[in-house]
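Derivation of every value follows stated rules applied to the coordinates shown; laboratory data play no part. Predicted model, so just to flag it, every value in this text is computed and none were measured. Cβ sites come from the backbone with ideal geometry, for glycine too, and all protein chains shown count toward neighbours.
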Amino acid sequence: MALLIAGAFMVALGLFAGGVLVAAPLGLITGSVDATLWVLFPLLSILGFVLFVIGAKTAQIRGLSQFIAWALLALALASAAGLVLRAASLVVGETSTLPLWYVLVIAGFLGAVGAASASRGLDSPA
């Protein structure tokens with residue numbers, strides 16, 4: 001049970017780090033992003049999921065997998081929207097768009113893999 005709770009908390013922190021990486025270049029939060037967030041976003045998301053899987057039952061694993069996949073894909077879409085808004089000068093930011101590109105690639109890849117594996121598990125015969 002402790003691994004399940006710790007894993008879920010780590011996933012939440014990883015997704016929060018990704019959200020900060022998206023929000024900062026769009027001017028939604030003040031300040032800049034630290035290199036620590038760049039490392040912690042994928043690390044906490046993946047490590048937290050592994051810990052959760054170790055301490056969870058099958059139904060819980062499927063539910064968290066789908067939640068993480070959707071959350072990561074939402075972060076990727078928010079990053080893509082932010083890039084379009086910045087490119088169209090509809091949102092003016094003082095920082096680089098590199099964090100948006102980073103989250104787009106990492107979250108898009110991990111979210112797509114998670115969504116594909118979740119749908120593969122649902123499509124396969126029992």
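Looking only at region 6-33, filter to residues that are without any contact (Cβ under 8 Å) to a residue 24 or more places away in the chain and not hydroxyl-bearing (S, T, Y); which one of those is surrounded by the fewest Cβ atoms within 10 Å (Cβ to Cβ)? Result: G31.
The requirement of being out of contact with any Pro (no Cβ under 8 Å at 6 or more places or on another chain), more than 20 Å from L110 (Cβ to Cβ) and either among the small types (G, A, S) or in a helix (DSSP H, G or I) (or both) is fulfilled nowhere in region 7-18; no residue meets it.
Among the residues making up region 72-116, those that are in contact with a helix residue (DSSP H, G or I) (Cβ under 6 Å, 6 or more places away or on another chain), more than 17 Å from L43 (Cα to Cα) and among the β-branched types (V, I, T) are V91, T97. Residues in region 32-68 that are of a type in the set (F, W, Y) and within 27 Å of E94 (Cβ to Cβ): W38, F41.
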